[in-house]
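Chemist: Let me begin by handing over the structure; questions about it come next.
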Amino acid sequence: MASPQNQPLMLSKAPTTTRIKLGQFSEPSEQDAGHQQTSSNTAYHSGCFPVRICNVPGRGRGYFAARSIAKGETVLRAAPLAWAISEDWIKNTCWWCFVYDPRKTHQVKAVEGPAALLASAPNHNQNKKTSSSQFAQYKGVFCSSICQQKAVLAHGGPDRWKCYLALLGAIESEVRATKSKQGRAVSKTTSEHTQISSKDTIQYVAVADTNISTFSAPAAATPKVACMSDFSRDIDFDPDDMSDEQLSDWISYVWDIITVHSLFQNNLPDSSQRELVRLICNALFLQDNATTTEPTSYSDSWEILVVSRDATEDNAMPLHALAHVRNNEVDFLRAKLHQLQLETLQTPATVAPIRLPLQPTPTQIEQSHWGAAAFKTAASAYALLEKAWKHTSKSQDNALCHFSHEQFRSVYFREMANSFGIWEVTEDDIGQQPQAQLKSAESEWLGFSIYPTAVYFNHSCAPNIRKVRTARMMSFISCRDIEQGEELFITYGSVAEAAPLRRSRLQQNFFFECVCDRCLAETSQCQILALNTLDLLN
Ligand SMILES: C[S@@+](CC[C@H](N)C(=O)[O-])C[C@H]1O[C@@H](n2cnc3c(N)ncnc32)[C@H](O)[C@@H]1O
């Protein structure tokens, strides 16, 4: 798995290489294609719903068994809120039900079929006269006209679908334009990792390990921060405040500078970042189509919404569901700084502090190691989307309102470490072992998706829940009998490796130190072994 800087992080994310697998495609069944509602096998009402959200020390929120669960029971069925198909398979994968055919590209189908079908489609505004022929002119990649209709409707109808496709097209144009600009500018490239000179630095927040400590730099002078009047944000940072809240405000402040000064504009996001940009577009276009009104009080009603929702593939998740997904922006910054520290580690005893200027200048942000590590990738992705957004807004008669970095970040850093890979469904998926979901060499990675009701499954290296995708729905199935009160765990990728490797991968890709029982047992065993070895050596 590539580093998170180059690749969006997600549960079971794609391997870096893709293989073409031939000859194993079979026509999807009705159920596979998502044309049937199959939620009846699970009772979705709070009374006997099998899972409940609880807080766990050290892990945040998690799903727990609300009652005893038998092996093989579906404990949750989740519908996606937003998704993106991989660039490699964009013509082979249905944009609605994710059915995949490696041998042929799906037809871009015109919509025919009974008007009744259209009228009965979910989210369809009965008052709006939308004839099936209207859909025919709006293209996409679908395995059937039914999927096309559903996608167009979920995106708010033909006009919004057209606008959405125009935005996707504008992104591709921007990518081509940046590539050719980069080609011309290649000889002029200067080193990106120039050290900041000490006279540029004023006051710092030093980040040692993942805790922030603060101090004043020796060269105190008048802050050299350009265009401060451009920002309404409160910039009165307290150098002694090491909290996530202040770091979060500081990050927003840095983003203000990045956007006002158009920093990192000419970096071309790689294909996984471009996929993430498309997922964000998808989320933003689906938002207006939310079918559920926002609850007046989240804290009281969200869990009820999760457990009472009749999860069917046609139920679009409302965008406000995203607000409940953990935002990993601060964790991401801390993890990036921690990585930088490790890279510059001379000896185990000398951990170099990373110094973050309280009010960084554009030059400091652009040329610092921390700027490159923590902001460059996301800012390049934002710049790409912002340019495409403006272009589309012009071409589509100002159909799009202003698009802020806050909106972008609110999806970007929630996707990070919370989304699920969309893998080709293989026969392994029907198996009973949790390992069946580890898609190693057997299946293709088709994209990724956010399932807001599924983000509460914490990771364990010895999971008791496996996930199986059926069309666009993700089902979570127990792989052993589970007692009431036990926590429910999935795996975030492979758990076949030894503890040190598993743990460093989780740290690098998901920004946490795994505290599952297996890790704790294996780590303490390693420590005992190490002590025994020391005894032997002595
Ligand atoms: C998909 S979310 C799971 C829900 C999360 N606990 C919450 O409160 O939103 C993944 C995050 O949960 C935490 N987490 C999950 N499994 C963990 C584990 N085994 N050990 C420590 N933290 C874990 C990490 O912070 C990780 O980034």
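Just so it is clear, none of the values below were taken in a lab; they were calculated from the coordinates. Note that the coordinates shown come from a computational prediction; the quantities given were computed from them, not determined experimentally. In this analysis, Cβ positions are derived from the backbone assuming ideal geometry, glycine residues included, and neighbour counts consider all displayed protein chains.
Chemist: With a Förster radius of 45 Å, plug the Cβ-Cβ distance of residue 395 and residue 236 into 1/(1 + (r/R0)^6) and report the FRET value to the nearest 0.05.
Modeler: 0.60
Chemist: Sticking with this structure for a sec: Taking a threshold of 31 Å on the Cα-Cα distance, which of the pairs 162/336; 179/390; 162/467; 179/394; 71/150; 181/336 fall above it?
Modeler: With Cα atoms farther than 31 Å apart: 162/336; 162/467; 71/150.
Chemist: Once amide H atoms are built 1.01 Å from N in the peptide plane, which residues 5 or more positions from residue 469, or in another chain, come under 5 Å H to H?
Modeler: The answer is 475.
Chemist: Same structure again: Residue by residue through the range 262-267, which ³J(HN,Hα) values in whole Hz follow from phi under the Karplus form 6.51 cos²θ - 1.76 cosθ + 1.60 (θ = phi - 60°), with glycine and proline marked x?
Modeler: Per-residue couplings from phi come out as 6, 7, 6, 6, 9, 8 Hz.
Chemist: Which order do 455, 515 fall in if you start with the one that has the fewest other Cβ atoms within 10 Å?
Modeler: Starting with the residue having the fewest Cβ neighbours, the order is 515, 455.
Chemist: Sticking with this structure for a sec: What list of ³J(HN,Hα) couplings, whole Hz, do you get for the range 407-421 from phi and the Karplus terms 6.51, -1.76, 1.60, once you set θ to phi - 60° and write x for glycine and proline?
Modeler: Here the 3J(HN,Hα) series is 4, 4, 5, 5, 8, 3, 7, 8, 4, 4, 6, 10, 8, 10, x Hz.
Chemist: Hey, can you grab everything whose amide H is under 5 Å from the amide H of residue 422? Only 5+ residues off in sequence or another chain; H modelled, so Pro and N-termini drop out.
Modeler: Those lying under 5 Å, H to H, from residue 422 are 446, 447, 448, 449.
Chemist: Under 5 Å between amide hydrogens, which residues at least 5 positions from residue 464 or on another chain qualify, with H placed 1.01 Å from N in the peptide plane?
Modeler: Long-range HN contacts for residue 464: 489.
Chemist: How much FRET efficiency would the formula 1/(1 + (r/R0)^6) give for residue 323 and residue 243, where r is the Cβ-Cβ distance and R0 is 22 Å, rounded to 0.05?
Modeler: 0.60
Chemist: Between residue 181 and residue 87, how many nm apart are label points set 7 Å from Cα along the C-beta direction?
Modeler: 1.7 nm
Chemist: Give the Kirkwood hydrodynamic radius (Å, one decimal) of the range 454-509, defined as one over the mean of 1/r across all pairs of different Cα atoms.
Modeler: 12.5 Å
Chemist: At 0.36 nm per residue, and after removing the present C-alpha to C-alpha distance, how many nm does the segment from residue 404 to residue 266 gain when stretched out fully?
Modeler: Here the answer is 47.8 nm.
Chemist: Once fully extended, how much extra length lies between residue 517 and residue 344, figured as 0.36 nm per residue of separation less the alpha-carbon to alpha-carbon distance?
Modeler: 59.1 nm
Chemist: Test of understanding: ordering 519, 97 by Cβ neighbours within 10 Å, fewest first, what list do you get?
Modeler: 519, 97
Chemist: Order of 49, 448 from fewest to most other C-beta atoms within 10 Å?
Modeler: By the 10 Å Cβ count, ascending: 49, 448.
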